[in-house]
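Notes to accompany the following structure.
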Amino acid sequence: MKEKQILNEVEIKRALMRLAHEIIEKNKGIENLVFIGIKTRGDIIAKRLVKEIQAIEKISLPVGALDITFYRDDIDGKFPKPSAQQTEISFDIRDKKVILVDDVLYTGRSIRAALDEIIDFGRPKYLQLAVLIDRGHRELPIQADYIGKSIQTSIKEEVVVNLKEIDGNDKVILKANE
C-alpha cells in the first residue's frame, strides 16, 4: 500500500486559520454562530476552528459533537456492530447559524446523516459545511461551503486524517490500495 502525505502539521494549522477567516467573513462576524463537529475527527477540527475564531474575535463560541452512527444509511453494510458515541450538543440550535464540521467529504452520506440528526435538535437559521479535505466522488448532491484542501482521488484510494488528540500527530495521508 503506497502512501503520500497531503498535509503536514503546519499546513493543517494554516488551512484551519484560513477557514476561520472565511467563516467570519462569509457570516459577517460571529453573531449567532455555533459549531458542531462529526465524531471522531470532525469534532476535534470544530474545536480547533472555534479556537482560531475566538483568537481573532475575542469572544467564546458554542461547539458541540455529533455521533451519526444510528443516522447512517449504510449501517448494515459498513457498521455491522455499531459502536455509538454520545452526541454532545449543550446549546439551542434553533435560529442559529450552524457550521457543521467534518474531516473528509467523500460521498456525502455522512453529511446527510448529520443533517438528519441536527434537525432532530431543532431548526437552525441555516447550516453551512466546513471540511478539512474534499476528495470528490459524491453520491448525494452535497457540497462544502468551506474547504481546507480539495484533492483528486480514485475510489480505490483512502484519505486518512491524523490528529494529535487521537493519533499523536497531525497529518493527512492519501493511501493507494493496490
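The values are calculated or read from the model by the stated rules, or taken from the named source; none is laboratory data. Keep in mind that what you see is a predicted model, and the values were worked out from it rather than measured. All Cβ positions, even for glycine, are placed from backbone atoms using ideal geometry, and neighbour counts span all protein chains on display. Just so you know, the surface numbers come from the protein's heavy atoms only, side chains and all, with ligands and any DNA or RNA stripped out. Shrake-Rupley method; radii C 1.70, N 1.55, O 1.52, S 1.80 Å.
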Requested in this report: Using amide H atoms built 1.01 Å from N in the peptide plane, name the residues 5+ places from T87, or on other chains, whose amide H lies under 5 Å from its own.
Outcome: D67
**Report entry** Sum of -39500 (n - 2.57) over DSSP H runs of 4+, divided by residues of the chain (222 nm, nearest 500)
**Finding:** -9000 deg cm²/dmol
Query - Charge dipole of the range 1-153 about the Cα centre (unit charges at C-beta), most positive-ward option of G148, L66, F91 - result: G148
Query raised in the report: With θ set to phi - 60° and the Karplus curve 6.51 cos²θ - 1.76 cosθ + 1.60, what are the ³J(HN,Hα) couplings of the range 46-62 in order, to the nearest whole Hz, using x for Gly and Pro?
Result: 4, 4, 5, 4, 4, 4, 5, 5, 5, 5, 7, 8, 6, 8, 7, 10, x
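If you roll a 1.4 Å probe over the chain with all protein chains in place, what percent of the accessible area is carbon or sulfur?
Here carbon and sulfur together make up 48 percent of the probe-accessible area.
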Report summary line: As straight-line cross-link partners of K28, the qualifying lysines (C-alpha separation under 29 Å, not fewer than 8 residues apart within one chain) are K13, K39, K47, K51, K58, K96, K97, K125, K149
Report summary line: GluC sites (Glu not before Pro) in the range 1-109 lying in a DSSP loop, each with at most 13 other Cβ atoms within 10 Å of its Cβ, come to E31
Query - Rel. contact order, % - alpha carbon contacts under 8 angstrom, at least six apart, the range 91-163 - result: 35 percent
Requested in this report: For K26, list the aspartates and glutamates whose Cα falls under 12 Å from its own Cα; do not include residues on the same chain fewer than 8 positions away.
Outcome: D145
**Report entry** Accessible surface, the chain, averaged per residue in Å² (probe 1.4 Å)
**Finding:** 55 Å²
Query raised in the report: Got the relative contact order for the chain handy, in percent, Cα pairs under 8 Å and 6 or more residues apart?
Result: 27 percent
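All other residues with a Cβ under 13 Å from the Cβ of I53 taken together, and with Lys, Arg as +1 and Asp, Glu as -1, what is their net charge?
Numbers: positive: R18, K26, K47, R48, K51, K58, K97; negative: E22, E25, E31, E52, E57.
Summing Lys and Arg as +1 and Asp and Glu as -1 gives +2.
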